[in-house]
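I have placed the structure first, in the form of structure tokens, so that the comments after it can refer back to it.
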Amino acid sequence: MKNAQIEDAKCITCREGITNPICPECLAKEIKYWKPELETSLAMPEISAGTVKCMFCGKGMNICAHCYSRDIYDLIKEEFPWLAEEFIERFDFGLREELT
């Protein structure tokens, strides 16, 4: 039973433990607040409730902040390249390390 709980606490994308429990929905709200013009570009992943609870809204989550931010960074870099560096400064979650 304990192994199942540990698996549930991992991101379904990268399989790493979720250490920054901020769900994609809450991150998307913050990104929209930062740059409202990105709202139509933000994809919301299909999320099934995980055992890790978002520290802002309390909903269960199974995609880590790093993976969601990476997906949004890739989208911004393609569609709005002039915003890419500023996005990393505000929503890093380990992206700088990965990209250098």
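Taken together, the values in this text are just the output of simple stated rules run on the coordinates, not laboratory data. Worth saying up front: this structure is predicted, and the values here are computed from it rather than measured. Cβ placement follows ideal geometry from the backbone for every residue including glycine, while neighbour counts extend to all protein chains displayed.
Other residues lying with their Cβ under 14 Å from the Cβ of GLU39 contribute a combined charge of -1, Lys and Arg counting +1, Asp and Glu -1. Neighbours of CYS54 by Cβ distance under 13 Å: Lys/Arg scored +1, Asp/Glu scored -1, total +1. Packing-based ranking of 11-17, 60-66, 79-85 yields 60-66, 11-17, 79-85, ordered from highest to lowest mean Cβ neighbour count within 10 Å. Between LYS77 and CYS14, take the C-beta separation as r, use R0 = 25 Å, and let me know the FRET efficiency to the nearest 0.05. For R0 = 25 Å, the calculated efficiency reads 0.85. For the pair MET55 and ARG90, what calculated FRET efficiency results from E = 1/(1 + (r/R0)^6), where r is the Cβ-Cβ distance and R0 = 22 Å, to the nearest 0.05? Efficiency computed from Cβ-Cβ geometry: 0.80.
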